Ligand SMILES: [Ca+2]
Ligand SMILES: [Ca+2]
């Protein structure tokens, strides 16, 4: 008996829980009478179905330009009818673009008991509104470097918006987000459900529909029932283009509410009939438009790409971002270079101190005393290597000197022997052959010396040339070649002179 009772109790609890979950689930319905979107956003006559716009606003098939990028422009678009549901979600897709680094003034979404002005004081709409404003404020009036800013301001129709402080004292909540000059259109989802106001923002850096981030959530927000929906914008001394691409309204109903407010079948039929008629009318108008403007339709298709690619702005922004990154890297490098230079200066002053000590000069004031010097990087074995290297160089030079003397002697004897045989101004071929042989001999000797130099102690590679007595191999070779050339010329000169002397006698 007890177990049956327990089971029954559990069942009741579970049913209770499920029914509760069920009552909390949200029923959503798209409200076409409170929405506009492209293509064919505006009709042939320029009107936007179920909406009214004014001021400097211009509607096209693709968007509503609420305020163009000219000074002191204002415009707004308002739903003709107040809404007939309590909870809602509005998705606005918009673009705020301008050539300036800073833009103005901004754009605002409205939910108010009365339609506002088209050329009002608060971002194009009326001040002292009764309801909600979600403001996208581009311009930093209070110079606190906190704009562009997104904020919600609730007003009961008595307060005047404080432009000077950017509404800082009046806002319900907000978030710092840049919505200007984005590669893709920016979006905001404003949800008002069960007295909780939630604003999500899509920063327009991607075209991904899911990339919304929470801007803020505020509870216990009480808004008047049956408000009008509107969007407005304004420019000031600085000016951006303010374009709204779509405004999509969805009514939110709890299933509990749904059951309480069951729509009568007559009303439902009437509504669906109305919707069908509207769709039909729209299709008809689209068809007519296509027939009348076949070129423009094609153009429109081309324009489609323009939504997602703002001209040059994206490139510029990317360049700026890239430059920012380069700047950061440069700053890091600068720091590192400073460190290296510091270390180098330190080493230099140490070396100078050691050098002056070695020269027997007194160390200048400001330099560290030698007692604090760390051991020099040049060790005993390095000095030994240097000395050995020097010795090898001297020996090599001595050997070369011997060779050169021998070559000189040989060429003298050759000249002496071949001089008599030379006839007229001609050079004796035997003399030339011998000279070539002796040059080859010298070449071989020099090569032998080079080989010895390269195979002799590792020092050659290890240590740098000492300052005074260092002769490079190439230098040496050049000297030898020079000497040989002089000798050759001298031999020629001598031979000619002898030939001339013979002619005389
Ligand atoms: Ca402002
Ligand atoms: Ca500010």
### Summary
FRET efficiency (residue 52, residue 280; Cβ distance; R0 35 Å; to 0.05) is 0.90
### Message
Between the stretch 161-214 and the stretch 234-256, how far is it from one alpha carbon centroid to the other, in angstrom?
### Response
10 Å
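If packing is taken as the average number of other Cβ atoms within 10 Å across a peptide's residues, how do 185-197, 315-327 rank, most packed first? All intermediate terms of the calculation are to be shown ahead of the outcome.
Details: 185-197: 18.8, 315-327: 11.2.
Ranked by mean Cβ neighbours within 10 Å, highest first: 185-197, 315-327.
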### Query
What ranking do 199, 26, 222, 154 get, fewest neighbouring Cβ atoms within 10 angstrom at the top?
222, 26, 154, 199
### Message
Quick check: residue separation of residue 206 and residue 127 times 0.36 nm, minus the Cα distance between them. What number comes out in nm?
### Response
25.0 nm
#### Entry: Inter-site label distance for residue 485 and residue 176 at 7 Å from Cα along Cβ, in nm
7.5 nm
### Sites residue 213 and residue 268, calculated FRET efficiency, Cβ-Cβ separation with R0 56 Å, nearest 0.05
0.90
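Once fully extended, how much extra length lies between residue 336 and residue 222, figured as 0.36 nm per residue of separation less the alpha-carbon to alpha-carbon distance? Display every interim value, and only then the final one.
On the way: separation 114, 0.36 × 114 = 41.04 nm, distance 5.74 nm.
Length difference between fully extended and current span is 35.3 nm.
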### Summary
Placing each pseudo-label 7 Å from Cα in the direction of the beta carbon, residue 114 and residue 388 end up separated by a distance in nanometres of 10.5 nm
### Message
Modelling each spin label as a point 7 Å along the Cα-to-Cβ direction, I'd like the residue 494/residue 193 distance in nm, to one decimal.
### Response
11.4 nm
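Take the Cβ-Cβ distance between residue 325 and residue 102 as r, set R0 to 25 Å, and report the resulting FRET efficiency rounded to the nearest 0.05.
Working: r = 22 Å, r/R0 = 0.88.
So, using R0 = 25 Å, E works out to roughly 0.70.
Laboratory data are not the source of any read-out in this text; all were calculated from the coordinates shown. Since the model is a prediction, treat every value here as computed from it, not as a measurement. All Cβ positions, even for glycine, are placed from backbone atoms using ideal geometry, and neighbour counts span all protein chains on display.
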